Amino acid sequence: MKAGYKLDKVIFKLREGDKASSHNQCSIGGRWIEKTTDDFFKNRRVVLFSLPGAFTPTCSSLQLPGFENYCERFKKLGIDEIYCCSVNDAYTMNAWAEKMRIKNVKLIPDGNGYFTKQMGMLISKDHLGFGNRSWRYMAVITDGIVEKWWEEPGINNEGSDDDPYTETMPEKCLEYLAAGSE
């Protein structure tokens, strides 16, 4: 992926309004909604990061909470929204956001991997029982066009359990944004 890439239209399937009466029950009763890349990226400057999966170790202990914790700093540097995209279904993404108490980062379910494939980051994790997943990447996207791109080294398909987390940390994006605002 390179700066200047214009996002193609992709439809995302989200769930809205699901509720559970206790923590021992699954949230149900809501409705399906569709959003497109335009709904998320048109007329905005956003940070998008993607990761292998909800409820997985690095994603849950470092990456998602890191972006959540820095949300105000991103906003002060001109970012309208922070999005986390993963090849997971809407139910899983909503449950993960609730479990992690995420209030600021918006989670985008890419259950079929269509968006992730467009970004060139769809990989196979069949050897771990995950099926297709996203390789870790991060981008600043302005009005649907990639402004800046980061991805983890050594994209691995089938066979490796490597899960590097050095290039897609929120601090790297904050450094980039701060340098542009000076």
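Here are a few things to note about the model shown:
- Applying D = kT/(6 pi eta Rh) to region 25-182, where Rh is the Kirkwood radius over alpha-carbon pairs, T corresponds to 4 °C and eta to 1.567 mPa s, the Stokes-Einstein value obtained is 81 µm²/s.
- Region 44-182: antiparallel DSSP beta bridges as a percent of all, rounded to 5: 60 percent
- Listed residue (Ala20, Ile79, Asn69) projecting farthest to the positive dipole end of region 1-84, Cβ model: Ile79
- The charge dipole of the chain, taken about its Cα centre with unit charges on the Cβ of Lys, Arg, Asp and Glu (plus for the first two, minus for the last two), comes to roughly 540 debye.
- Count Lys and Arg as plus one, Asp and Glu as minus one, and take only other residues whose Cβ is under 10 Å from that of Ala54; the net charge is then 0.
- The base-10 log of I(q)/I(0) for region 99-182, evaluated at q = 0.11 Å⁻¹, reads -0.37 [Debye formula, identical scatterers on Cα atoms, solvent excluded].
- Scalar couplings 3J(HN,Hα) for region 63-68, obtained by applying the Karplus form with A = 6.51, B = -1.76, C = 1.60 to θ = phi - 60°, are 5, 4, x, x, 5, 4 Hz; x denotes Gly and Pro.
- Summed residue charge, Cβ within 12 Å of Glu34's Cβ, Lys/Arg positive, Asp/Glu negative: +2
- Entries of Lys106/Lys148; Lys125/Lys148; Lys99/Lys148; Lys9/Lys103; Lys9/Lys99; Lys117/Lys172 with Cα pairs more than 22 Å apart: Lys125/Lys148; Lys99/Lys148; Lys9/Lys103; Lys9/Lys99; Lys117/Lys172
- Estimated [θ] at 222 nm from DSSP helical runs (n ≥ 4, -39500 (n - 2.57)) normalised by residues in the chain, nearest 500: -6000 deg cm²/dmol
- Computed on the Cα trace of region 68-115, the radius of gyration divided by the Kirkwood hydrodynamic radius gives Rg/Rh = 1.03.
- Of the trypsin sites (Lys or Arg not before Pro) in region 78-157, the ones in a loop by DSSP (not H, G, I, E or B) with at most 14 other beta carbons within 10 Å are Arg101, Lys103.
- As a ratio to 2.2 N^0.38 Å, the alpha-carbon radius of gyration for region 1-115 is 1.08.
We did not get these values from a lab; they are worked out from the coordinates using the rules stated. Keep in mind that what you see is a predicted model, and the values were worked out from it rather than measured. Note that each Cβ is placed from the backbone with ideal geometry, even for glycine, and that neighbours are counted across all protein chains shown.
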